[in-house]
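Asks: This is the structure I want to talk about, given as structure tokens.
The values are calculated or read from the model by the stated rules, or taken from the named source; none is laboratory data. Quantities reported herein were computed from a predicted structural model and do not represent experimental measurements. Quick reminder, even Gly has a Cβ in these numbers, built from the backbone with ideal geometry, and neighbours come from all protein chains shown. Surface accessibility is based on the protein's heavy atoms, side chains included, excluding ligands, DNA and RNA. Shrake-Rupley method; radii C 1.70, N 1.55, O 1.52, S 1.80 Å.
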Amino acid sequence: MSYFKDTVANIIGNNKLRTPQIEAYLKIHSHFSTTPDIPALVVLPTGTGKSGLISISPYDVSNGRVLIITPGLVTKHSILKAQEAIKDNFWVNFDVIFNPSDLPIISEYNPEMHEDSLRSSHFVIANIQKLSKSRKNGLLNRVESNFFDMIIVDEAHHAPADTWKEALEYFSKAKQLFVTGTPYRGDQQEIPGQTIHETSLSEVMRDGYVKGLRKETVNAHDLYFTIPDKPGEKLTKSQVLTLKDKEWLEKSVALSEECSLDVVSKTIEKLQEIRKVSPRVPHKILAVGCSIQHANDLMNWYKSKNMNSVLIHSQLDPKEKEKAFIDIESHSCDVVISVNMLMEGYDHKYLTVLGIFRPYRSSNAFAQVVGRILRAIPESEITDHQIDNNGVVIYHKETGLDDMWIEFQNEVSRASHKVTYDISNDETLTKEYSRKENLLAGVSSSSSYTSDQSSYLDDIDFNDLFEKKRKEIEEKVNHTIEQIRAAGNIDEDVLEDFRRQMSEKESRGVTKEIDQQLIEKRPEKARSEMRKILKNKAESSVADLLGDNDLNEKGNELASIFRQHIRGLTIDSPNDATLVRYINAKLYDKFGPVKERDNLKLQRSIDEISNIINELRKMLSC
């Protein structure tokens, strides 16, 4: 027998798992029980719990080790984040595994990995580049073909690539499961595997597993173009189309500063609209650019409008990239600016407004970027579902993205999807943006306006739901304020403060362990005090937890359980030190080194300890 057959996992009937996850697991279990040699395909929309499904799929299915293959670093880190105890600890937090000693051994493959570590692993996670036999220390050169009993390919629409084929053919006797959140391909090849389960986006949207989705397009009352062939002459759209093709015009609009600024303003307007009604939820904008130069311009444009931005692209230094992700996760920014980096694998549930500043002609690429704002925010954190779980896509009307939106709405099947020439090729757009003055039109416009609004579902208007709920909350607050105002002579500043508190009352509160005036007026003193509170809260919470579980603080029975999760932990580490180190490791992962945390991150670190203690309480309850 094997770990996955021997370990009892709470999957069927687990009310913390989502229905699509359980349905997909049942199909996977049934399929491989009867036809283990036939590859299987599962389609689960982004935001529905794909990483969780991957984590539960092998239980009572696999007879040996499991290899998870990912297409890139961001996707790999997303899987690791879900599985590792120091990060999201999926199995414990979703009541899949009750006893922490039953948690699987997870390894991220790297060429220097010790043979013993590789062979003792239950899950091995590797991005595709580290598999090939062409690499001296590629995984295929290090293990025999029957080393894994199950192969899970994440983001399966990449699978026909040569490297994928090489790995799948090498492990041909293993059970092969392909999982994707995107029912589109970027080429004419079929996604591998027999489709055994497919959940539609419209289904999970109706059930509230993902955010509702709406879009607004921005246009100008008058749009004029100047082209290199006719310097100094202003041309209308119809005049330009007699000289240039439609795609050339759309690229000119998408990459122009003036039209981009209109979209920037609209995304800020929508973010502020959401934050006004639900101020405690850290909603953010995701802005997608076409090149690093373009992204830097977007950052400057948002900065000019007093919006804090974080820039993510593939050429960032690893330390800069790590800091950027920490800033996103700790809510130290208003805007996340991406250059083709958050397309797959990265999920941050507070991305709610999407600004698209580039053209697309690939359904796959468009679906991926829209998917980044679909992850739902838990009900325990929100003011109202129709406000907080209601994503909005914004782009300029003349960028040609309406066709992509309509195709996305129709959920075009993989088999019927026809490939179109993709003008959104990143390398081409990078070159064109850097030379746009010579290659594309200059664009000028009069005042902009919202030219169109649409809802993803035909029978549910998410724009209307948002507006109704916003007005309902504002009217309720205004009515209460008017009653108070009529009751006596109350200062307007006091009433305004009360108005703000009324708007926030349904939101999750923030721990007030540090006097806010101290934070604002004496930040260094506050920083010192918060570091003390952080240390004391971790230690006192651990002491209470150990006492509740009749565990001696200076005993060492927990070290063997937590050793696989905490680097450098020795077998004789005392119980209190073990749990404090576990808390600190999770805080480090989420907020970075304590000495580098600003006051906001320190406050959030203090707040986070309660969540970690709840997680530990579950782990110690078995």
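Asks: Would you work out if region 557-622 is rounded, prolate or oblate? Take a ≥ b ≥ c from the square roots of the eigenvalues of the alpha-carbon gyration tensor; rounded if a/c is under 1.5, else prolate when a/b is larger than b/c, oblate otherwise.
Replies: Numbers: a/c = 2.87, a/b = 1.61, b/c = 1.78.
Cα axes put region 557-622 in the oblate bin.
Asks: Given the peptides 357-365, 601-609, 103-111, arrange them by the average over their residues of other C-beta atoms within 10 Å, most packed first.
Replies: So the order, starting with the most tightly packed, is 357-365, 601-609, 103-111.
Asks: Heavy atoms only, probe 1.4 Å: what % of the accessible area of region 362-407 goes to carbon and sulfur, would you let me know?
Replies: Values: 520 of 1050 Å².
Carbon and sulfur: 50 percent of the exposed surface of region 362-407.
Asks: Using alpha carbon coordinates only, what is the Rg to Rh ratio of region 283-376, with Rh defined as the Kirkwood radius? Could you put the intermediate results ahead of the total?
Replies: Details: Rg = 12.3 Å, Rh = 13.3 Å.
Across region 283-376, the Cα-based Rg/Rh ratio is 0.93.
Asks: Let me ask something additional. Using the alpha carbon gyration tensor of region 1-52, what are the three equivalent-ellipsoid semi-axes (square root of 5 times each eigenvalue), largest first, in whole Å?
Replies: Details: eigenvalues 76, 55, 18 Å².
One finds semi-axes of 19, 17, 9 Å for region 1-52.
Asks: Find the centroid of the Cα atoms in region 382-413 and in region 562-622, then give the distance between the two in whole Å.
Replies: Using only Cα atoms to place each centre, the spacing works out to 38 Å.
Asks: Can you give me the % of accessible surface on region 552-617 that is carbon or sulfur? Probe 1.4 Å, all protein chains present, nothing else counted.
Replies: Numbers: 1480 of 3110 Å².
Whole-percent figure for carbon plus sulfur exposure: 48.
Asks: Same structure, new question: Determine the alpha carbon to alpha carbon distance for each of Lys266/Lys305; Lys321/Lys535; Lys284/Lys601; Lys5/Lys27 and list only those over 19 Å. Walk me through the intermediate numbers first.
Replies: Values: Lys266/Lys305 12 Å; Lys321/Lys535 28 Å; Lys284/Lys601 17 Å; Lys5/Lys27 17 Å.
The pairs that break the limit, which is 19 Å between Cα atoms, are Lys321/Lys535.
Asks: Just the accessible area per residue of region 256-346, please: how many Å² with a 1.4 Å probe?
Replies: Ligands and nucleic acids excluded, the result is 38 Å² per residue.
Asks: Could you tell me what percent of the accessible area of region 1-64 is made up of carbon and sulfur, with a 1.4 Å probe and every protein chain present? Working shown, then result.
Replies: Values: 1290 of 2430 Å².
Here it works out to 53 percent.
Asks: Given region 238-334, report the % of alpha carbon pairs whose separation exceeds 20 Å.
Replies: Working: 2248 of 4656 pairs.
So the pairs more than 20 Å apart make up 48 percent of the total in region 238-334.
Asks: Also: Mind ranking 317-328, 267-278, 58-69, 378-389 by how tightly packed they are, going by the mean number of other C-beta atoms within 10 angstrom, highest first?
Replies: Numbers: 317-328: 15.1, 267-278: 19.6, 58-69: 24.0, 378-389: 17.7.
Averaged packing, sorted descending, gives the order 58-69, 267-278, 378-389, 317-328.
Asks: Whole angstrom only: what separates the Cα centroid of region 130-151 from the Cα centroid of region 214-247?
Replies: Taking the Cα centre of region 214-247 as reference, the centre of region 130-151 is 53 Å away.
Asks: Among 226-232, 299-305, 247-253, 39-45, how do they line up from the highest to the lowest mean number of other beta-carbon atoms within 10 Å?
Replies: Highest-to-lowest ranking by the protection proxy: 39-45, 247-253, 299-305, 226-232.
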